[in-house]
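Peer 1: Below is a structure I'd like to ask you about.
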Amino acid sequence: MCDQLDLHNQFGVRYATNMEAGDILLRRGLLDQNQLDNARGSNGDAALSVVDRAVDLGFCSEADALQAIGEELGLEFVDLTKADIDLSVLEGFPHKIIHRETLFPIGRQDGHLIVATSDPFHLYPIDEVSAATGDPVIPVLAPRDEIDKLIKANLGVGSETIDGLMEAKSADDIEFVGDIETDNSELSEMAQEASVVKLVNEILLEAIETRSSDVHLESQPDGLAIRYRVDGILHSQPIPPEINRFQSAIVSRLKIMSRLNIAEKRLPQDGRMKLKLKGREIDVRVSVIPMINGEGICLRILDKGNMSFDLRKLGMEEATYNAFSELVELPHGIILVTGPTGSGKTTTLYSALLQINRPETKIITTEDPVEYQLKGINQIQVHTKIGFTFAHSLRSILRHDPDVVLIGEIRDLETAENAVQASLTGHLVFSTLHTNDAAGAFARMTDMGVEPFLVASTLEALMAQRLVRRLCPECKQEVTPDSSSLAPDFPVDHLIDGKLMEARGCRACRQVGYSGRMGIYELLVNNDEIRELAHNRANTWDIKQTAVRCGMETLREDGWRKVLAGTTSAEEVMRVTKGDQLVASTNLRAG
């Protein structure tokens, strides 16, 4: 049974040629003749098979193609996201073969080693596995990206580099934009070694492919820890323990790419780098902080090619969208967007600016930092270290005759007063403020030192927002919730047939159950009654109660609407909002 050819014969396995594979897909109805001819005649990479080209051209999915070919060749197709993987078979398995051939051992059956591969036309590596392990092998088919995920999840990101596999990567390689400047020190030279460069590229590539917004490289007592923030949630990334001896070199490489001082390890440093991936420009903001066990690095990923600034697509309910769209057309006044860091405030403001960006409207922004460059809009980067602050830049901006001004954040009295003066002199001003809800902005501005009558008269609207994860459309499932597990303010009477959607997890969402994010919003539109309360220094609670009575829908209520619509889960809404039990709200019931 150790003879691989005998094994193939026993299990009905045979090899297929590239041309024959195309015929199988045609016969199975996955391709028509024109699509097959296109796949065979594609000008793509000559090393790609007909199946690879058909998948790249969007004619069929890799899973469907492998399943069809496997049925014809006698090879089982395995869904790795649902399979019971026996990781004990990794012991003694040659890792170099795993990386070089993109295959993975998933278990044993009747004395045979079961190995998943994505290439039904190249089963000869199975012979190499059998020779290396001394076990007969049963090959099964699985999509390449699922095998890649299995490798990274169990061997760790960068494990290929650690094993010394320094072959050139595909066209997916990350390209660093800019010049590398070094000081010829030993640490600098180490950071430029090919293995370290490749290792850092692997970390960045994994972050981009998983749609991470941030990468955290943290120095722990037992070595380096890497975590990716995906859709607002941190996920630990397994890494091989051997990576710890590269820790200083990794930090130095990232510092060099960000044009930071690699010799300075006592003070925090901030920098940025620019990358290119498949023609997409990606900006990375880098923050380095000295910690007890070494330097910690946070990378903020700004993927320009993946960003879309469109108010329609942010998740606003129709009534909120219509009201906000009217507000951004006002001739003057202040519109504030509030919320914690990472709640999507900048995206909302950029979307609003692009909606009113016309040749007859001059828009100037002052930001720290400028995260995305917007065509047709004049953007200013502040530099607080040299005294060029929001307040300073705003005074200069008003001499450039703008119609609309965006201030990245109102942080102090001087900036707040300048914003008020700009609105009083006929400008529409957008900005952000750190408050927990919309009503709290009145008190926050007053606490800064702005006169209450100016706050009351210039603030036209306040939008509080949070981000919740969208349920994966491929795997979300309908359930009957236990009423005792629901929040006290959840509108149970609005459930359709007593059902809710909840997260499940599948291949498309990497078993998380969520894919992407959307906003939940609380829009407070100022009116005479609220202006009087603000003028009289009323507390935030009274202003919120009045706004709700006048029709404002709270963050919690907007979240419940999205839960009832099946776009997010109740757990997500409870994660990012506080309950409204004490607010006399009737908006949802009336909706």
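Peer 1: Among the residues of region 310-329, what is the count of those that are outside any helix (DSSP H, G or I) and under 18 Å from residue 557 (Cα atoms)?
Peer 2: Here is the first cut: in region 310-329, the ones outside any helix (DSSP H, G or I) are 310, 314-317, 328-329.
If we keep only those that are under 18 Å from residue 557 (Cα atoms) as well, we get 314-317.
So the count comes out to 4.
Peer 1: Residue 493 is checked against (1) at pLDDT 90 or above; (2) part of a helix (DSSP H, G or I); (3) open to solvent by 30 Å² or more (accessible area, probe 1.4 Å) and fails just one. What number does that condition carry?
Peer 2: Condition not satisfied by residue 493: (1).
Peer 1: Let me ask something else about it. Is there any pair linking a residue in region 311-332 that is free of Cβ contacts under 8 Å to residues at least 40 places away in the same chain to one that is open to solvent by 80 Å² or more (accessible area, probe 1.4 Å), with Cβ under 9 Å and at least six apart or on different chains, and which?
Peer 2: Sorted first by the residue in region 311-332, then by its partner, the pairs are 321/312.
Peer 1: Ok, one more. If you take the residues in region 354-363 that are part of a loop (DSSP other than H, G, I, E, B) and among the β-branched types (Val, Ile, Thr), which one is surrounded by the fewest Cβ atoms within 10 Å (Cβ to Cβ)?
Peer 2: So, considering only residues that are part of a loop (DSSP other than H, G, I, E, B) and among the β-branched types (Val, Ile, Thr), the one surrounded by the fewest Cβ atoms within 10 Å (Cβ to Cβ) is 361.
Peer 1: Sticking with this one: Please count how many residues of region 183-193 are modelled with pLDDT under 75 and open to solvent by 60 Å² or more (accessible area, probe 1.4 Å). So that I can check it myself, show each step before the final result.
Peer 2: Initially, region 183-193 is screened for residues modelled with pLDDT under 75, giving 183-192.
Filter again for open to solvent by 60 Å² or more (accessible area, probe 1.4 Å), leaving 183-184, 186, 189-190, 192.
Qualifying residue count, region 183-193: 6.
Peer 1: For a quick check of your reading of the model, give me the residue pairs whose first member lies in region 533-562 and is without any contact (Cβ under 8 Å) to a residue 40 or more places away in the chain and polar (S, T, N, Q), whose second is in a loop (DSSP other than H, G, I, E, B) and open to solvent by 40 Å² or more (accessible area, probe 1.4 Å), with beta-carbon atoms closer than 7 Å and at least 6 apart or on different chains.
Peer 2: Matching pairs, first to second residue: 545/584.
Peer 1: Right, here's the next one. For residue 457, only one of the following conditions fails: (1) touching a Ser or Thr at 6+ places or on another chain (Cβ under 7 Å); (2) under 17 Å from residue 334 (Cα atoms); (3) open to solvent by 30 Å² or more (accessible area, probe 1.4 Å). What is its number?
Peer 2: (1)
Peer 1: Related question: If I go through region 228-260 residue by residue, how many of them are part of a loop (DSSP other than H, G, I, E, B) and more than 22 Å from residue 300 (Cβ to Cβ)?
Peer 2: Applying the first criterion (part of a loop (DSSP other than H, G, I, E, B)) to region 228-260 yields 231-232, 238-240, 258-260.
Add one more test, that the residue is more than 22 Å from residue 300 (Cβ to Cβ), and what stays is 238, 240.
Of the residues in region 228-260, 2 are part of a loop (DSSP other than H, G, I, E, B) and more than 22 Å from residue 300 (Cβ to Cβ).
Peer 1: If we keep just the residues of region 287-327 that are among the hydroxyl-bearing types (Ser, Thr, Tyr) and modelled with pLDDT of 90 or more, which is farthest from residue 345 (Cα to Cα)?
Peer 2: To start, the set of residues in region 287-327 that are among the hydroxyl-bearing types (Ser, Thr, Tyr) comprises 287, 308, 320-321, 325.
Now narrow it down to the ones that are modelled with pLDDT of 90 or more: 287, 320-321, 325.
Values: 287: 21, 320: 16, 321: 15, 325: 16 Å.
Per the criteria, the residue is 287.
Peer 1: Kindly indicate the residue of region 265-309 that is under 18 Å from the mean Cα position of the chain (by Cα) and not in a strand (DSSP E or B) and also surrounded by the fewest Cβ atoms within 10 Å (Cβ to Cβ) among those meeting that condition.
Peer 2: Per the criteria, the residue is 308.
Peer 1: When you scan region 322-353, how many residues do you find that are over 30 Å from residue 277 (Cα atoms), buried (at least 16 other Cβ atoms within 10 Å of the Cβ) and out of contact with any Phe, Trp or Tyr (no Cβ under 6 Å at 6 or more places or on another chain)?
Peer 2: Summing the residues that are over 30 Å from residue 277 (Cα atoms), buried (at least 16 other Cβ atoms within 10 Å of the Cβ) and out of contact with any Phe, Trp or Tyr (no Cβ under 6 Å at 6 or more places or on another chain) in region 322-353 gives 11.
Peer 1: If you go through region 75-105, how many residues are in contact (Cβ under 8 Å) with a residue 12 or more places away in the chain, of a type in the set (D, E, K, R) and open to solvent by 70 Å² or more (accessible area, probe 1.4 Å)? Give the steps one after another, and end with the answer.
Peer 2: In the first step, residues of region 75-105 are kept if they are in contact (Cβ under 8 Å) with a residue 12 or more places away in the chain; the result is 75-81, 83-87, 89-90, 92-105.
The next check asks that each one be of a type in the set (D, E, K, R); those that pass are 76, 79, 84, 86, 96, 100-101.
Imposing the further condition that a residue be open to solvent by 70 Å² or more (accessible area, probe 1.4 Å) reduces the set to 76, 84, 96, 100.
Qualifying residue count, region 75-105: 4.
Peer 1: Continuing with the same structure: Can you pull out the residues in region 54-63 that are buried (at least 17 other Cβ atoms within 10 Å of the Cβ) and not β-branched (Val, Ile, Thr)?
Peer 2: Residues satisfying the conditions are 54, 59, 60, 62, 63.
Peer 1: Could you check region 524-561 and list, in sequence order, the residues that are of a type in the set (Asp, Glu) and either under 18 Å from residue 453 (Cα atoms) or part of a helix (DSSP H, G or I) (or both)?
Peer 2: Correct list: 528, 529, 532, 542, 557, 558.
The values are calculated or read from the model by the stated rules, or taken from the named source; none is laboratory data. What you see is a predicted model, and the numbers here were worked out from it, not measured in a lab. All Cβ positions, even for glycine, are placed from backbone atoms using ideal geometry, and neighbour counts span all protein chains on display. The accessibility values were calculated without ligands, DNA or RNA, using every heavy atom of the protein model including side chains. Shrake-Rupley method; radii C 1.70, N 1.55, O 1.52, S 1.80 Å.
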